Amino acid sequence: MNVFNVMRPFSRSALALLWVLSLLTAATGPISAFAAEDEHAHDEENPRTVSLTPEEQREFGVEIAVAGPAEIVQTLQLPGEVQVNGNRLAHISPRFPGIVTKVGANIGDKVTHGQALAVIQSDQSLSNYEIKTMISGTIIDKHLTLGEAITREATAFVVADLSTVWVDITVFQKDLPRIKVGQQAVINGGHGMPVATGTISYLSPVIDEATRTALARVVLPNPQGGWRPGSFINADVMVAAFPVEVAVPRTALQGMEEQDVVFLKTPAGFVPSPVTIGRKGRDLVEITAGLEPGQEYVSRAGFTLKAELGKDSFGEGHAH
Amino acid sequence: MLQRIIDFSLGNRLLILVAAVLLMGAGYLAYTRLPVDAFPDVSPNLVQVFTVTDGLAPEEIEKYVTFPVEAAMTGLPGVEKVRSLSNFGLSVVNVYFADGMDIYFARQIVGERLQEAREQIPDGFGDPQMGPISTGMGLVLFYYLDDATGEYTLEELRTIQDWLVKFHLQTVPGVTEVLGIGGYERQFQISVRPDQLVRYDITLDEVISRIRSNNLNVGAQFIEKNSEEFIVRSEGLATGRDDLRSIVIKTVHGTPVYLADLAEIEIGGAIRRGLQSRNGRGEIVAGQVIKLFGTNSSAVIQRVEEKLAEINSILPEGITLKPYYEQKSLVQAASRTVTSALIQGILLVAIVLLIFMGGFRPSLVVALSLPFSVLFTFLLMGRFGISANLMSLGGLAIAIGMLVDGTIVMVENIDRRLRLAPPDQSRLRIISRACGEVGRPIVFAIAIIILVFVPLFTLQGVEGKTFRPLAYTVAIAMLGSLLFSLLLAPTLSSMLMRSSRKQGEDDEGAGEPRVVRWLQVPYRPVVGFFVRHRPAAILVAVVLLALGAVILPRLGSEFTPKLREGTIVVRLTMPPSISLTQSQATTRIVERRLMAIPEIKEVVSRIGRGEVGAHTDPINSAEMYVVLQPKDKWRVKGGQETVENLIREELGNVPGVLVNLTQPIEMTVDELLEGVRAELAIKIFGDDLETLKDKADEVAAVVGDVAGAADVQVDQVDGTPQLLLRIDRQAIARYGLNVDDVQSVIKAAVGGETAGQIYEGIRRFDILVRYAPEARSTADAIAEILITAPSGAHVPLDQLVSIREIIGPRQITREDNQRFITIQCNVVGKDIGSFVDEAQEVIATKVDLPPGYLVTWGGQFRLQQEANRRLMVVVPVTLLFVFLLLFGNFGSLRNSLLILLNIPLALTGGIVGLWLTGQNLSVPASVGFIALFGIALENGMVLVTYFNQLVQKGISIDEASVRGSCQRIRPVLMTATTTALGLLPLLFSHGTGSEVQKPLATVVVGGLLTSTILTLLVIPAFYKWFAIRVEKES
């Protein structure tokens, strides 16, 4: 303030100085023009309403559906393997040890019940005897060659009836409570193999100690022989199917403030309605509260509506 | 002293001339080498450290990467602040250094510390790298690859960009980096089918290590054969898909299991966090050229453009590089604005000189001071590293009129003395005497002008960086003009000016040009009236002052008017949780809407980020560069602003998207500044994000209740959904698994694991092993991922981990090594200081902060308070020094005060000028006022000096006032009109950057009008009260 003391006698000059100061401070003073202007596109009274013109709905792919009953299907996808039907398998062994003098069948041959497969000269009686298949089926394994000295313990042929096969499905511990005998399973071998549907006919009573999994079995007819034992498959087990009063596609659900909502179409615009989710299916979920049958709701592209509602909050968020 | 200098220069005329010519030559050389920019670079002095860690969430990035880097940067010399941002997959640490610190030194010390940081970052979590050696204005050219054939895939185009275009462009001198964005980076993708893994009993880890160990070249020294050496090398590098397919993963009973049995092997695109699209028609591949720090923008762009043409000729048929943004036109436009103003100003000044000086020779001497001062300025600009830009050249344009002032006074006096002197007297002696008479006031007047610009040097931050170059050039140019008037003007006068042909009395009007005589006719009675009726003079002064005082509060205020860059960027901000697919779809919709506007020719958008280095944008942000049609096709007339309004209007509200219109440089610099735009920013520092968020909400609620609070807003920190897989330690223990066993499968199966590279020549492409999409792309599929236990059992993931969907932070920002959250707020209708006091009190009583949590107060208001505080000291001190200079000149307190009286009188004109043209008070306007002070003071000095001379001769004060005014009307009018006319081109300019210069010019021109009139009318009237007491003392 010494500056001003010097100037006191000359009040005009002091005044001028003050003016200069005030000017400079005013010019660099606080500016409230920086306050961001917000576009309020939504209704002022109810801030949670969004209005979109029909063109905008088309532009953003907003689809409307009417809430109504539907059937919810719950499935479990489990890995599995095609196995020979253990009940339709025959191990053919020689009755007496001896030398193989004739082999009449090869792997892959189709054989009928009682058909002779090989001739063996018995070591004891030196007489020839035939070994015959006990079932009709396909030879899937063969363990003898001409001139071989064969013992009683050897399995000469394995004949399997491949008109049906077992599909052994691996059931993990966590899924066990939901898998029951009698459930439908869609068996998919992939690699262009046809898809077949079967019923679970067996569920193993114990769990494998090494793999900690149980086994569910589907018996599949295999007239063409396409289901080759040893193939890996995926099984979609239909664990439940039930009608519900209101179900929406998963695409209709949006999360807002850690809550699931469905956007309802009202005359004023779209309003998010918190919903309670019941049972979930693959594509559909049951809604137990928050959406009444007959109400129109947004089944797709609800994200845009959610974004419009949250617009004010992400304004200043960028990189600060 | 001054006389000695003048005599020396007159005694060594040849030396002086040669020195001047050399100096001007050096100045011209410096001019050709000056870096040319559009605007002064206002980017902060910072070094950025980027670390890319694919797939890591913000929390992990912060913990493993950001923190070690940040910690290493503390304690470095010159570091002002360390800010960091941990985003999904990316860590950015900004190390802000003090302004003026050498950027290479800063980078060097950051580089040294980065070495330490690298050791702290766990393996595989990325390698921190410094950003390009550039600034916010370094993004000089963007281009995209135009494929006319339509046959190239995005991935092929990106390969061309990354491996051909980029390498060629990077060799251009002045280019520091070329970043690719858009399309897909080529990648060999191995999509493993998990059921096949189970089938062959192979783990994903085994697959990865098998691929790694089947892709190698080695050298094995050499053998000698017939006196020659043969180098031995073994080639085992996989060269493509076929080699990869036939990698044997396992052999069972002699049957090999090939990689092809387990997986699909495709060439595809890498995971990306950004893309480019165009005109609503689909994706493109683009590149960004970044200029090296301190290089000449226009020269670099020129070279890049030449290189682009060269590259175009070697690109495959149908592909061309098309620039869609370049800074060159902006640089050219900005320098055109100022150079044309400069040239027009010089011409106008020259005309004024001719008219007033009344002779060609004296005019020539005065006019020569312009090129000398200008070239002198260029020379020193080159020495001080000031680039030629809108502001520095603008400073010159402002100074043009003032540059001649000193020489005018000098030459005018020489002219007069020569006319009056007897013909037999030595011309050199007359000139020496004439110069000695006015030398002192000239030095003081120029010193005062330089001095009044001092407050500008104290401006800080963006304003400081913007206006300091202007102050520098004005000061340098004035110094140059002082040199000219003291050393060269006497020399040149002695060589060019002739003695008067006819002798004349020391009579007013004699020898004066016709214009001046013509002006004196009406002036004399008017000034006589005011000198006789002093109350009338007071009345006029008071009325004008009152007018200024009335208008002043009506002026709006703004910080700095926005510089129009000539390029419009439409910036979209979408929800933080948005997916890239949706973000692309939304951007496409906006692109189509924009393309429907007839003024728009092309729209090129960038979503998210490409190669790291220039942008760190997340995928919810899109920047759309708008290329406009030529002006004659517009439906509206006007500049950028009109089109911007048109776009805003026709684009309308886009549902779910926040639309901002901005400009490329503005946007980049804002991002680097990362400042808070609101007046008040309350920051809470602390450790826990949840607590920070809760406390911030509480603070916001409390502050919102304080009277005057407006627009209270809490930073949105969360908003990105996460699928959180938390390991159940009990469960993994039962199967004998380690956490790592499970996590490595999660990482590789869902995120992918790089298993080496495929080399195609020197181009290399990653091999990425990952589960097939259907086995990893939904939460349900992830839950079914099988983990192989040591026992051989296959365990689905959700038996080992808990899977939850949560909302996580979208990014974590830190400052000074701590997490923080900001609450922004504006204050309306209340003094911000008392608002802060009140708010601090309520927060203290109502918000309970846990230990370790800290609240700080900042924002624009703090910067402004600091600036105001500085100015409160600097302005009075400057005025005091001005006063001391005046006092030193006149040796009279009264005289000095009379001259200071000019200041308020000049202000009025400036204020009225702003008001009439509808402009706001702003920083450039303030700069105008500052310049105005200097000129007004100068005018006052000219008059009062002469009055004193007359009074000392014994002429009565009243008589001296009238006669002095009439005789001195020529220099007063000349200095005023040269300055005003020198600025006139800026006043009427519509060119790029004129929006900043215009308020300045308005203030000076308006102020000069009132100040000159008042100087000529009021000062003579007031002189009586402020006159030196010659008569009474003598």
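The values are calculated or read from the model by the stated rules, or taken from the named source; none is laboratory data. Keep in mind the model is a prediction, meaning the values are calculated, not measured. Glycine also receives a Cβ, built like all others from the backbone with ideal geometry; neighbour counts cover every protein chain displayed.
Things to note:
- Residue selected from segment B:526-570 under the condition assigned to a strand (DSSP E or B) and either more than 13 Å from every other protein chain (Cβ to nearest Cβ) or surrounded by 20 or more Cβ atoms within 10 Å (Cβ to Cβ) (or both), by the criterion farthest from the chain's Cα centre (by Cα): B:570
- Any hit, segment B:436-449, residues being among the aromatic types (Phe, Trp, Tyr) and within 31 Å of the chain's Cα centre (by Cα): no
- Residue match in segment B:29-44 (condition: surrounded by fewer than 22 Cβ atoms within 10 Å (Cβ to Cβ) and modelled with pLDDT of 90 or more): yes
- Where strands (runs of 3 or more DSSP E) sit wholly within segment B:647-748, those with at least 1 residues that are more than 13 Å from every other protein chain (Cβ to nearest Cβ) occupy B:680-686, B:718-727.
- The condition of being within 11 Å of another protein chain (Cβ to nearest Cβ) and either of a type outside the set (Ser, Thr, Tyr) or assigned to a strand (DSSP E or B) (or both) holds for only one of A:278, A:255, A:294, that being A:255.
- Between B:338, B:331, B:366, the distinction of being over 23 Å from the mean Cα position of the chain (by Cα), in contact (Cβ under 8 Å) with a residue 24 or more places away in the chain and crowded, with 21+ Cβ neighbours inside 10 Å belongs to B:366 only.
Conditions tested, residue by residue: (1) more than 14 Å from chain A (Cβ to nearest Cβ); (2) closer than 30 Å to residue B:554 by Cβ.
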{"residue": "B:875", "(1), (2)": "no, yes"}
{"residue": "B:904", "(1), (2)": "no, yes"}
{"residue": "B:936", "(1), (2)": "no, yes"}
{"residue": "B:939", "(1), (2)": "yes, yes"}
{"residue": "B:942", "(1), (2)": "yes, no"}
{"residue": "B:953", "(1), (2)": "yes, no"}
{"residue": "B:956", "(1), (2)": "yes, no"}
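Yes/no per residue for (1) surrounded by 16 or more Cβ atoms within 10 Å (Cβ to Cβ); (2) within 28 Å of the chain's Cα centre (by Cα):
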| residue | (1), (2) |
| --- | --- |
| A:226 | no, yes |
| A:242 | no, yes |
| A:255 | no, yes |
| A:269 | yes, no |
| A:283 | no, yes |
| A:290 | yes, yes |
| A:300 | no, yes |
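- Options B:564, B:571, B:588, B:635: the member that is closer than 25 Å to residue B:146 by Cβ and in contact with a helix residue (DSSP H, G or I) (Cβ under 9 Å, 6 or more places away or on another chain): B:571
- Unique match (being assigned to a helix (DSSP H, G or I), within 32 Å of the chain's Cα centre (by Cα) and more than 14 Å from every other protein chain (Cβ to nearest Cβ)) among B:179, B:164: B:164
- Residue B:309 passes every criterion in (1) assigned to a loop (DSSP other than H, G, I, E, B); (2) closer than 27 Å to residue B:613 by Cα apart from (1).
- Conditions (1) in contact with a strand residue (DSSP E or B) (Cβ under 9 Å, 6 or more places away or on another chain); (2) without any contact (Cβ under 8 Å) to a residue 24 or more places away in the chain: number failed by residue B:999: (2)
- Selection count where residues are in a loop (DSSP other than H, G, I, E, B) and either more than 13 Å from chain A (Cβ to nearest Cβ) or surrounded by fewer than 22 Cβ atoms within 10 Å (Cβ to Cβ) (or both), scope segment B:581-613: 8
- Scanning segment B:245-263 for residues that are crowded, with 16+ Cβ neighbours inside 10 Å and part of a loop (DSSP other than H, G, I, E, B) turns up just one, B:247.
- Selected residue (criterion: farthest from the other protein chains (Cβ to nearest Cβ)) from residues of segment B:783-797 that are under 54 Å from the mean Cα position of the chain (by Cα) and part of a loop (DSSP other than H, G, I, E, B): B:785
- Residue check for residue B:257: modelled with pLDDT under 90 and among the hydrophobic types (A, V, I, L, M, F, W, C): no
- Evaluating residue B:894 against the criteria (1) within 14 Å of chain A (Cβ to nearest Cβ); (2) farther than 19 Å from residue B:933 by Cβ; (3) of a type outside the set (Gly, Ala, Ser); (4) under 34 Å from the mean Cα position of the chain (by Cα) leaves one unmet condition, (4).
- All strands (runs of 3 or more DSSP E) inside segment B:1-103 with 1 or more residues being of a type in the set (D, E, K, R): B:79-87
- The criterion of at least 3 residues that are crowded, with 20+ Cβ neighbours inside 10 Å is met by the following helices (runs of 4 or more DSSP H) wholly inside segment B:397-494: B:427-452, B:461-483.
- Selected residue (criterion: farthest from the other protein chains (Cβ to nearest Cβ)) from residues of segment A:135-191 that are farther than 28 Å from residue A:205 by Cβ and touching an Asp or Glu at 6+ places or on another chain (Cβ under 6 Å): A:137
- Cβ-Cβ distances below 8 Å connect the following pairs, each with a first residue in segment B:735-753 that is crowded, with 18+ Cβ neighbours inside 10 Å, a second residue that is assigned to a helix (DSSP H, G or I) and of a type in the set (D, E, K, R), and a separation of six or more residues or different chains: B:745/B:205; B:748/B:205; B:753/B:747.
- Test set (1) within 30 Å of residue B:617 (Cα to Cα); (2) at pLDDT below 90; (3) away from chain B (no Cβ under 12 Å) - residue A:309 fails condition number: (3)
- The sole residue among B:899, B:821, B:903 that is among the hydrophobic types (A, V, I, L, M, F, W, C), buried (at least 21 other Cβ atoms within 10 Å of the Cβ) and under 29 Å from the mean Cα position of the chain (by Cα) is B:821.
- Number of the condition not met by residue B:197 [criteria: (1) part of a helix (DSSP H, G or I); (2) more than 14 Å from every other protein chain (Cβ to nearest Cβ)]: (2)
- Contact map, segment B:617-643: residues that are within 14 Å of chain A (Cβ to nearest Cβ) and part of a strand (DSSP E or B) paired with residues that are surrounded by 22 or more Cβ atoms within 10 Å (Cβ to Cβ) and small (Gly, Ala, Ser), Cβ distance under 6 Å, separation 6+ or inter-chain. Pairs shown: B:622/B:605.
- Verdict on residue B:780 being farther than 18 Å from residue B:199 by Cα, over 45 Å from the mean Cα position of the chain (by Cα) and at pLDDT below 90: yes
- Filter pass, residue A:154 being outside any helix (DSSP H, G or I), small (Gly, Ala, Ser) and either under 30 Å from residue A:246 (Cα atoms) or out of contact with any strand residue (DSSP E or B) (no Cβ under 9 Å at 6 or more places or on another chain) (or both): yes
- Test: residue B:132 is exposed (fewer than 14 other Cβ atoms within 10 Å of the Cβ) and in contact (Cβ under 8 Å) with a residue 12 or more places away in the chain: no
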